[in-house]
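**Q** Before we start, here is the structure in question, set down as structure tokens.
None of the figures in this text is laboratory data; all of them are computed from the coordinates on show. Owing to the predicted nature of the structure, the values given are computational and were not obtained by experimental measurement. Heads up, the Cβs are rebuilt from the backbone with ideal geometry, glycines too, and the neighbour counts pull from every protein chain shown.
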Amino acid sequence: MKLLLNVLKRIHKPAVYSSQPRCRSSSARSGLLPLRDEALIVGSNPELVQRLGPQVEVRTGFITEEEEGAFMKELELGLKKKRYEFDHWDDAIHGYRETERVMWGERCEEVLSRVRSVAFPEGSPLLGPVHILDLDKTGYIKPHIDSVKFCGSTIAGLSLLSDSIMRLVKEDDAEEWLDLLLPRFSLYILRSSVMSYSC
């Protein structure tokens, strides 16, 4: 299981089918954990959304602007030293900077504990450090399938700095896709059934 922080600077247009009407979402500021927002999961057909919907979650307002600022403050020095790269060892990402961290300040660790309690079963081991990915304004992630060996059966990520869209496409059928609309401050969770879809 892997925790990922996405520092994205792009937004795309949403797609077609949604699973259900928008669910209530509570703000992280209220002290309540945000509820899953199924209106932010759309796909190529309603059957696909219904089948995979339970395996993906988007929780809006999971962090506050102040909490986002705490992450950016901790990450700024490390990321500032890195240039945006336009090639990747497996050709999956272009226009990116990335790093990993194990140790966090108290404010960030509180948020990460909240993520762990929502995204992962209690007591489950997490694989390695938190992965941070920062995309340049012209950067993008090409279709790829994350290895369960390196990522585990669940991936959770925070969307920082801007709204974005994550598109999951079935490996052997490009006509079958699922979009996760990721507002700034949201948490997304991908579980095992969608791991065979490229994103």
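**Q** Would you please calculate the Kirkwood hydrodynamic radius of the stretch 38-118 over all C-alpha pairs and express it in Å, rounded to one decimal?
**A** 15.9
**Q** If you take the beta carbon distance between Ser117 and Lys73 as r and set R0 to 25 Å, what does 1/(1 + (r/R0)^6) give as a FRET efficiency, to the nearest 0.05?
**A** About 0.60, to the nearest 0.05.
**Q** While we're on this one: Along the Cα→Cβ direction, 7 angstrom out, place labels at Leu161 and Arg101. What is the inter-label distance in nm?
**A** 1.4
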